[in-house]
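In what follows, a structure is listed as structure tokens, so that the remarks can point back to it.
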Amino acid sequence: MIQIVRDAIAKALALLPFAAAAMTYPPYDLYPYLADSTDKDAAGNALQVWQDYVAGTDPTDVNDLFRATIDMSGGTPVISWTPVLSATEAAKRTYTVFGRKSLLSGDWTPVTSGQEANYNFFKVRVAMK
């Protein structure tokens, strides 16, 4: 019974576009003062201060999160994310959209512009340059 339910959920999810946010963080040794900060998780959102910095979010605001969203335009998914940073701050980061057909299997593949319709699930990775 559990397998039947799991298969039904997997089939239903495969039909829906899905977006998730993911962050790539700098190595601890590059930012030791942040990794060892006594102000870990100031906002109570399970992120350390340096992780909020990479995401471009306010480490003191629990509601300020890195979020990926999908809008449909002409049957094609359009992936976007918040926060939208200033050009200066955005230039310090690399944003990569990954996609895959199934949520349960397959590799996450970098999505090139115009190829979004080939995927059902997405995640966005942000990393410092």
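Some notes on this structure:
- Filter result (over 15 Å from Thr57 (Cα atoms) and surrounded by 13 or more Cβ atoms within 10 Å (Cβ to Cβ)) within segment 90-100: Thr96, Val97, Phe98, Gly99, Arg100
- Condition broken by Ala87, with the remaining ones in (1) surrounded by 12 or more Cβ atoms within 10 Å (Cβ to Cβ); (2) modelled with pLDDT of 85 or more satisfied: (1)
- Strands (runs of 3 or more DSSP E) completely within segment 56-129 that count 3 or more residues being within 17 Å of the chain's Cα centre (by Cα) and without any contact (Cβ under 8 Å) to a residue 40 or more places away in the chain: 76-82, 93-100
The values are calculated or read from the model by the stated rules, or taken from the named source; none is laboratory data. Keep in mind that this is a model prediction, so the values were computed, not measured. Cβ: placed from backbone, ideal geometry, glycine included. Neighbour counts: every protein chain shown.
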